[in-house]
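Below is one structure, written out as structure tokens; the observations come after it.
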Amino acid sequence: KQEVTQIPAALSVPEGENLVLNCSFTDSAIYNLQWFRQDPGKGLTSLLLIQSSQREQTSGRLNASLDKSSGRSTLYIAASQPGDSATYLCAVPGAGSYQLTFGKGTKLSVIP
Amino acid sequence: GAVVSQHPSWVICKSGTSVKIECRSLDFQATTMFWYRQFPKQSLMLMATSNEGSKATYEQGVEKDKFLINHASLTLSTLTVTSAHPEDSSFYICSARDLLAGGTYEQYFGPGTRLTVT
């Protein structure tokens with residue numbers, strides 16, 4: 001059974017700092033990995049999707065990397081802003097299926 | 001990106017009544033949609049996989065007679081919580097799967113429905 005772990009559970013940084021969120025998964029036989037953002041009481045917004053054949057994806061100030069062999073992914077946020085404050089979730093499809101297994105998320109607070 | 005909508009965004013109902021939640025893919029066709037629930041400060045837990053034109057597949061521990069799923073078209077899936085009880089109060093989120101170039105899929109999520117059972 002796929003298990004996804006995110007570290008840290010919460011993170012507070014001053015505005016302008018660069019930061020890294022970590023995600024690890026137990027079964028490396030994945031098709032892709034997605035990073036999502038969730039604001040309080042809201043649904044999920046897809047940030048980045050990395051295919052299993054890729055090592056990283058970039059979108060604006062966000063960069064996500066994937067190391068399948070070690071079962072790890074990182075989300076790098078450059079020059080953080082207060083608007084980046086949210087919970088960040090990573091998710092991978094389960095073994096042999098497209099159903100997503102989510103980590104518990106990292107709650108990010110960017111202090112002005 | 002693709003857009004998924006949910007209706008209603010929030011609902012309050014009395015214990016014992018039934019509530020229907022709609023999930024729509026607005027600009028793409030989705031043969032498969034997923035229903036999740038999320039308790040406060042917890043991550044999303046998959047409840048069931050909804051397949052257009054066939055019966056839904058429920059995760060272990062989810063009562064199929066209580067959470068009725070209908071995927072009648074390629075753009076609409078509904079979740080009906082029957083005989084709702086206060087413990088059913090939760091945040092329900094649907095997602096729809098879109099086929100990408102290259103043959104893999106990406107899931108797009110709806111904004112969620114907050115259900116409160118009094």
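All of the numbers you see were taken from the coordinates with simple rules; none came from a lab. Treat the numbers as computed from the prediction; the structure is a model and nothing was measured. Ideal geometry is used to build each Cβ from the backbone, glycine not excepted, and the neighbour counts take in all protein chains shown.
Here are B:Lys14, B:Lys20: which of them is within 11 Å of the chain's Cα centre (by Cα) and either without any contact (Cβ under 8 Å) to a residue 24 or more places away in the chain or over 22 Å from A:Gly94 (Cα atoms) (or both)?
Going through B:Lys14, B:Lys20 in turn, just one is within 11 Å of the chain's Cα centre (by Cα) and either without any contact (Cβ under 8 Å) to a residue 24 or more places away in the chain or over 22 Å from A:Gly94 (Cα atoms) (or both): B:Lys20.
If you take the residues of the stretch B:12-55 that are small (Gly, Ala, Ser) and surrounded by 14 or more Cβ atoms within 10 Å (Cβ to Cβ), which of them is farthest from the other protein chains (Cβ to nearest Cβ)?
The first filter runs over the stretch B:12-55 and keeps only residues small (Gly, Ala, Ser), leaving B:15-16, B:18, B:25, B:30, B:43, B:48, B:50, B:53-54.
Still in the running and surrounded by 14 or more Cβ atoms within 10 Å (Cβ to Cβ): B:25, B:30, B:43, B:48, B:50.
Working: B:Ser25: 14, B:Ala30: 12, B:Ser43: 5, B:Ala48: 10, B:Ser50: 12 Å.
Filtering first and then ranking leaves B:Ser25.
Of a type outside the set (Gly, Ala, Ser) and within 20 Å of A:Tyr88 (Cα to Cα): is that true of B:Gln42 in this structure?
Values: of a type outside the set (Gly, Ala, Ser): yes; within 20 Å of A:Tyr88 (Cα to Cα): yes.
Spelling it out, B:Gln42 is indeed of a type outside the set (Gly, Ala, Ser) and within 20 Å of A:Tyr88 (Cα to Cα).
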